[in-house]
Amino acid sequence: MTSSEDLHPPYRWVLFSGVCGVYFAFGVVAMSVPPLVGEVRADLGLSRSAMGLALGAWQLVYIVSAPVGGRLLDRLGVRQGIVLGSLVLAASGFLRASAGGLGSLWLAIALFGVGGPLISAGAPKAVGLWFTDKSERRLAIGVYSTMPAIGGMATLVLSNSVLMPLTGSWRMTIVVETSLIVLALGVWLVVSGRGPEPPVSPGPSAAGFDDRSALLTSPEVRIVLVLGLGVFFIGHGLGGWMPEALREHSGFSPMAAANWVALGGLVGVVASLVVPQHTDRRRLPSAMVVLLAVVAVGTMAVVALPTALDPIPVVASGVRSALVPLVLVALMESESVGPTNTGVAYGLWFAVAEVGGVAGPLVMGWVADTSAGFGGAFVLMAAVCAAMVLPVSRLRQLTREG
């Protein structure tokens, strides 16, 4: 007879803390260069376009490497997969600090896209294996989904105000920030090496289940992939351009724009913690529609309201961050996704989603460069939110049939 402690081992939270530490450091390394763009450009003699090419390197690599990383994770297991991914991320950070020009900087940042999928797919696989209760599982997904954002926010705040004055060098600043992934890896090795077996056994890879083509035969998985592309398009597009839009469109100072966007990020963190935990499978589509409506109304309000009121919709539209954990929950609870193929499923999802992650900032920037300006770019994002209701409605139909 299986005891409650067998199904809900207390050690699951210790292991989960190790996952969160690695994912937090993931966000720190990912954002290590953007706050230091001025210093890096001056030192390496890079133009703005060259710097932009380097900053987008890891997202492009992610599109190709995520499915491969997910498959490798299923074969190696969660512990070894996260270890390997952390080592590659550490190498990416240290190589950034030693870059001598555009080529070496691009390769160093691109390397992040090789190791990152092992962590971004390893986190949900660990949750799926250790958390059998659906409410706890949704809470765990919401918590770990906020870790990269919190790590990135900490990097943005501390890089220029604390670390640069202490180290006196952008290179040493990146070294200090990269040391966090080394520390997180050490903690992960300790906690993952001492724990008992998870209550859900991954088992051997089932024939066909771990194949991407088999996953793509599921209508629910296909819809979730479309949703991933859409939420990354919206999230990365608004996240990348909102500070500049507030400065140019609304006339805010750089500090005021950053503060309001950061407050919106805090709203997103809270929403990511609360909404998934209290949303069961059948209510997922309704929750997505509500969040999409808030984002659409918020972006349109920035265009229509007096500029003095713009911070209100900007902060409110921060709830867009909660869309990602909701879609991840939908993928984890799809009938075609199980313990044997979680890595492949999430690798495939991140590959498709990152297409939206790359396209969102590019399209929004292109529209903002036209006569439509940022007002037109915000209208475009509201239209994308409205268009997302169609795949969400299809997801609602599939979950009801299930």
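The values are calculated or read from the model by the stated rules, or taken from the named source; none is laboratory data. Since we're looking at a predicted model, the values are computed, not measured. When we count neighbours, we look across all protein chains shown, and the Cβ atoms used for this are built from the backbone with ideal geometry, even at glycine.
A few comments on the model shown:
- Yes/no for Trp58 being of a type outside the set (Gly, Ala, Ser) and either assigned by TED's automatic domain parsing to the domain that holds Leu348 or under 11 Å from Val29 (Cβ atoms) (or both): yes
- Some residue of the range 51-64 being farther than 30 Å from Arg194 by Cα and aromatic (Phe, Trp, Tyr): yes
- Applying a threshold of 9 Å to beta carbon distances and a minimum spacing of six or more residues, or different chains, the list of pairs starting in the range 295-311 at a residue that is in the same structural domain as Phe233 (by TED's automatic domain parsing) and ending at one that is of a type in the set (Ser, Thr, Tyr) and assigned to a loop (DSSP other than H, G, I, E, B) reads Val302/Ser250; Thr307/Ser250; Ala308/Ser250; Asp310/Ser250; Pro311/Ser250.
- Flag if Val384 is assigned to a loop (DSSP other than H, G, I, E, B) and crowded, with 18+ Cβ neighbours inside 10 Å: no
- Here Val337 meets each of (1) surrounded by fewer than 21 Cβ atoms within 10 Å (Cβ to Cβ); (2) modelled with pLDDT under 85; (3) part of a loop (DSSP other than H, G, I, E, B) with one exception, condition (1).
- Pair list, Cβ under 8 Å, 6 or more apart: the range 138-160 residue within 23 Å of Ser334 (Cβ to Cβ), other residue among the basic types (Lys, Arg) and part of a helix (DSSP H, G or I): none
- Matching entry among Gly268, Gly318 (being in the same structural domain as Ala368 (by TED's automatic domain parsing), closer than 22 Å to Glu354 by Cβ and without any contact (Cβ under 8 Å) to a residue 60 or more places away in the chain): Gly318
- Listed by position, the helices (runs of 4 or more DSSP H) inside the range 106-207 whose residues that are more than 30 Å from Ser47 (Cα to Cα) number at least 1 are 134-158, 170-194.
- Failed item in (1) touching a residue at least 60 places away in the same chain (Cβ under 8 Å); (2) of a type outside the set (Phe, Trp, Tyr); (3) surrounded by fewer than 21 Cβ atoms within 10 Å (Cβ to Cβ), with Arg247 passing the rest: (1)
- Condition check for Leu55: of a type outside the set (Lys, Arg) and at pLDDT below 90: yes
- Scope the range 91-110; condition buried (at least 23 other Cβ atoms within 10 Å of the Cβ) and either β-branched (Val, Ile, Thr) or in contact (Cβ under 8 Å) with a residue 40 or more places away in the chain (or both); matching residues: Ser92, Gly93, Arg96, Leu105, Ile109
- Verdict on Pro35 being under 30 Å from Met172 (Cβ atoms), assigned to a helix (DSSP H, G or I) and under 19 Å from the mean Cα position of the chain (by Cα): yes
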